[in-house]
1. Once both labels are modelled 7 Å past Cα along the beta-carbon direction, what's the E23-D110 spacing in nm?
2. For the chain, what is the mean residue ellipticity at 222 nm derived from helices alone (per DSSP H run of n ≥ 4: -39500 (n - 2.57); sum divided by total residues; nearest 500 deg cm²/dmol)?
3. I'd like the trypsin sites (Lys or Arg not before Pro) in the stretch 114-152 restricted to DSSP loop residues with at most 14 other Cβ atoms within 10 Å, sorted by number.
4. Name the residue, out of D45, D151, D33, whose mean-square fluctuation peaks in a Gaussian network model built on the chain with Cα pairs under 10 Å.
5. In debye, nearest 20, what is the charge dipole magnitude of the chain about its Cα centre with +1 on Lys and Arg Cβ and -1 on Asp and Glu Cβ, if you could check?
6. If I stretch the segment between F173 and E8 completely, what's the gain in nm (0.36 nm per residue apart, minus their alpha carbon distance), one decimal?
7. Cut-off 11 Å, label point 7 angstrom out along Cα-to-Cβ of D73: give me the residues of the stretch 95-110 whose amide nitrogen falls inside.
8. Which distance in nm do the two modelled labels at T124 and Q97 give, with both placed 7 Å along the Cα-to-Cβ direction?
Amino acid sequence: MAQEITLEDMHRYLDLFAELDLEIWIDGGWGVDALLGEQSRPHEDLDFLIEKADSDRLVKAIRQLGFEDVHTDDHRPWNFVMGTASGKNFDFHVIEQLSDGNYRYGSTDDPIPVTAESIDATGTIGGRSVRCPTAAFQINSHSGYTLKQQDIDDVTALSEKFGIPLLPDQLAFCE
């Protein structure tokens, strides 16, 4: 069972990423909070974007800290979860940089393009500056599936702060 990733945990993990000299982008709920500049809710995991080469190095390092593979129905080489016995989970979203400076997420047969501009934002977590996807990227990535109330709260907060309209399927959940 997943256990909350606290602000204290985040500082420890950010220190680990810095120590390993990793290029990561904080995504998901913590990424939303980074853009908002404050923690808005508890988080069950830490989502992040990471380049393939860095992903391999991080996996090796965190295995030594007791992280193991966590079974999920959507486990793929580019999307997987690793966690500790106490339930602290990292949700990996692995991207590969292309020759034009943009990125690919997903399989080589059916990739999802990720522009460099869409992940070129900076946010703040507990007073620390972090790289993260843009508010527009976050809003767009919360679409096409059944949203939870926390997802609606996240995209609504981003929409209000950054003046970005919600997508039609998000608006349907808000009604």
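What follows is calculated from the coordinates using simple rules that are stated; it is not laboratory data. Here the structure is a predicted model, which is why all the values come from computation and not from measurement. Please note: Cβ atoms are built from the backbone with ideal geometry, for glycine as well, and neighbour counts cover all protein chains shown.
1. 2.8 nm
2. Working: 6 runs with 62 residues, N = 175.
That calculation yields -10500 deg cm²/dmol at 222 nm.
3. Working: sites: R128, R131, K148; in loops: K148.
Those satisfying the criteria are K148.
4. Of D45, D151, D33, the most mobile in the Gaussian network model is D151.
5. On the way: 13 positive and 33 negative charges, 52 e Å.
Computed about the Cα centre, the dipole is about 260 debye.
6. Values: separation 165, 0.36 × 165 = 59.40 nm, distance 3.26 nm.
Taking 0.36 nm per residue and subtracting the Cα distance, the gain is 56.1 nm.
7. Backbone N within reach: none found.
8. So the label points at T124 and Q97 sit 2.8 nm apart.
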